[in-house]
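Asker: Mind having a look at this structure? Questions to follow.
The values are calculated or read from the model by the stated rules, or taken from the named source; none is laboratory data. A quick note: this is a predicted structure, and the numbers were derived from the prediction, not measured. Here the Cβ positions follow ideal geometry from the backbone for every residue, glycine too, while neighbour counts run over all protein chains shown. To get the accessible areas, we keep the full protein, side chains included, count just its heavy atoms, and leave off ligands, DNA and RNA. Shrake-Rupley method; radii C 1.70, N 1.55, O 1.52, S 1.80 Å.
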Amino acid sequence: MSEGTLYCFSPSPRSFILEDLIKYFKLDVKITEEKDERYHRYFPMGLTPAFIGKKGYTLTEVIAIAKYLFSLVPQDQLKGLLGKNAAQYASILQWESFINQEWFGAWLPTFYMIAGWAPYNKKQNDECHVKLNKMAEILSNRLNDFTYLVGERLTFADLYAASVVSRGLETNLGAPFAEKYPAISRWFKTVSQHPFFNGRYANFEYIKEPMVYTPPKKEKKEKAAQAPAAKKEASAPKAAAASEPAEPAPAPKPKHPLEALGKPKAALDEWKRVYSNEETRETAIPWFWKNQYDPEEWSLWKVDYKYNDELTLTFMSNNLVGGFFNRLSASTKYMFGCMVVYGENNNNGITGAFLVRGQDYVPAFDVAPDWESYEFSKLDGSKEEVQKFVNNMLAWDEPVEVNGEKREIADGKVFK
């Protein structure tokens with residue numbers, strides 16, 4: 001019987017460190033990014049990583065899950081990763097907590113702001129950098145005198161800390177940070193080559209020019225023709241304003257334009273259930289073409305990101321897709337789609353396929369402010385090459401052909 005299931009978000013170091021632990025010790029634990037019905041029942045807050053063990057035993061938070069997973073490892077295989085005595089074990093927990101709360105807590109907000117996933121606030125960004133430098137000094141002072149964080153042997157504290165620090169080194173800290181803190185750089189190079197990571201950092205490079213915040217381009221707006229009059233009206237006596245009639249109640253929120261098409265013969269929820277619970281190639285895809293796709297009620301669209309030359313790391317490209325999907329939530333009832341990131345770091349692109357209610361893609365996609373960053377091409381589902389493309393967008397098990405070149409799929413997201 002399986003020891004449990006780990007629900008994770010792979011690009012996050014707080015998820016992939018647990019994946020690596022499971023793989024390194026060959027634990028009988030299923031790893032999945034698919035948030036199924038069981039996940040939603042046990043974790044209504046949507047937290048990841050999350051773990052479900054035997055008899056419904058549940059855990060969240062990376063340190064807690066890691067400790068439980070280590071309990072499944074025979075003592076003779078631990079190889080000192082949890083220290084040699086109680087004092088070292090407590091120190092390991094201390095450094096893990098420091099990285100998880102202090103370092104991650106300082107780095108993540110500034111990264112989100114620079115990446116455009118959170119509103120930019122200069123004061124908050126500067127405060128985060130000040131704190132991050134303080135955390136770096138603490139790490140550096142320790143590593144100036146010791147090879148590792150706890151004692152003179154590598155422990156899980158080093159592995160976890162290196163996985164978290166790596167995100168900064170490849171995004172908004174990079175080479176300047178490594179030069180400023182040579183002890184951290186030396187330590188990271190040593191720890192990252194441990195077999196625990198199974199080559200994850202084999203070709204790792206510090207980003208030479210760290211990411212910085214770039215303000216979005218503002219469109220020029222024409223001045224309103226009646227602006228002077230409006231200003232004059234604003235300065236009218238309060239008594240006059242008081243005599244004006246009350247404003248009418250706001251109009252009811254408009255319904256989604258695709259609701260006017262009525263209910264389709266094949267309910268989209270049934271297809272989503274099949275896709276989530278059945279084998280993709282063997283069952284779900286044949287079901288889709290037989291039961292779901294009706295060209296009179298639905299249309300198929302190829303969706304491509306317009307600015308692939310601006311993409312850098314694959315996990316960031318995948319997060320970009322995730323943000324786009326979040327902003328499409330108002331159209332969940334009217335479409336289903338998969339988008340993938342193909343290629344490798346600093347040479348990747350985004351493409352995908354969507355099933356949309358009706359024959360026009362605009363009403364489904366224009367609910368997202370960034371929908372015009374994508375290019376939409378209508379597909380003819382009766383053509384074999386189209387079916388092959390759509391099938392691969394559903395299965396992610398074959399390379400994507402781009403301009404005659406086959407590119408491996410690195411990651412992806414499902415909109416459902």
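Asker: Rg and Dmax of segment 263-415, Cα atoms, in Å?
Answerer: 14.7, 44
Asker: Taking the Cα atoms of the chain alone, what are Rg (to one decimal) and Dmax (as a whole number) in Å?
Answerer: 25.8, 85
Asker: Quantify, in whole percent, the carbon and sulfur part of the accessible surface of the chain (1.4 Å probe; protein heavy atoms only).
Answerer: Of the solvent-accessible surface of the chain, carbon and sulfur hold 51 percent.
Asker: A follow-up question, please. Between 0 and 90 degrees, rounded to the nearest ten: what's the tilt of helix 86-97 against the longest Cα principal axis of the chain?
Answerer: Taking Cα atoms only, the helix is inclined about 20 degrees.
Asker: Something else now. Report the residue, chosen from 330, 260, 157, that carries the largest GNM mean-square fluctuation when the chain is represented by alpha-carbon nodes joined by springs under 10 Å.
Answerer: 260
Asker: Please work out the average accessible area per residue across segment 263-415, using the 1.4 Å probe convention, and give it in Å².
Answerer: 49 Å²
Asker: Determine the per residue accessible area of segment 86-197 with all protein chains present and a 1.4 angstrom probe, expressed in square angstrom.
Answerer: 42 Å²
Asker: Follow-up question, since we're still on this one. Run through all the Cα pairs of segment 86-197 and give the fraction in each 5 Å bin from 0, expressed as whole percent.
Answerer: Going out from 0 Å in 5 Å bins, segment 86-197 shows 2, 12, 22, 26, 19, 11, 6, 3, 1 percent.
Asker: Reachable aspartates and glutamates from residue 30, Cα under 18 Å, same-chain residues fewer than 8 places away excluded?
Answerer: Reachable aspartates and glutamates: 3, 19, 20, 61, 278, 279.
Asker: Which loop GluC sites (Glu not before Pro) in segment 130-195, with loop taken from DSSP, have no more than 15 other Cβ atoms within 10 angstrom of their Cβ?
Answerer: In loop regions of segment 130-195 (DSSP not H, G, I, E or B), the sparsely surrounded GluC sites (Glu not before Pro) are 152.
Asker: Please identify the trypsin sites (Lys or Arg not before Pro) of segment 347-388 that satisfy two criteria: DSSP loop assignment and at most 11 other Cβ atoms within 10 Å. Which are they?
Answerer: Those satisfying the criteria are 383.
Asker: Something else: Below 8 Å, C-alpha to C-alpha, sequence gap of six or more: please give me the relative contact order for the chain in percent.
Answerer: 11 percent
Asker: What accessible area per residue comes out for segment 4-76, rounded to a whole number of Å², with a 1.4 Å probe?
Answerer: I get 48 Å² per residue for segment 4-76.
Asker: Let me ask another. Any idea which of 285, 311, 274 is furthest toward the positive side of the dipole for segment 272-315, if Lys and Arg beta-carbons carry +1 and Asp and Glu beta-carbons -1?
Answerer: 274
Asker: Hey, what angle do you get for helix 156-169 against the long axis of the chain, alpha-carbon based, 0 to 90 degrees rounded to 10?
Answerer: Tilt of helix 156-169: around 40 degrees.
Asker: Within segment 285-389, report the chymotrypsin sites (Phe, Trp or Tyr not before Pro) that DSSP leaves as loop and that have at most 16 other Cβ atoms within 10 Å.
Answerer: Of the chymotrypsin sites (Phe, Trp or Tyr not before Pro), the ones in loops of segment 285-389 whose Cβ has at most 16 other Cβ atoms within 10 Å are 307.
Asker: With angles folded into 0 to 90 degrees, how steeply does helix 182-192 sit against the dominant principal axis of the chain? Use alpha carbons for both and round to 10.
Answerer: Around 90 degrees separate the two axes.
Asker: On to the next question. Determine the order of 135, 211 by accessible area, beginning with the largest, at a probe radius of 1.4 Å.
Answerer: Per-residue accessible area, sorted high to low, gives 211, 135.
Asker: Taking the simple approach of a point 7 Å from Cα along Cα-to-Cβ for both residue 84 and residue 281, what is their distance in nm?
Answerer: Once both label points are built, they end up 5.0 nm from each other.
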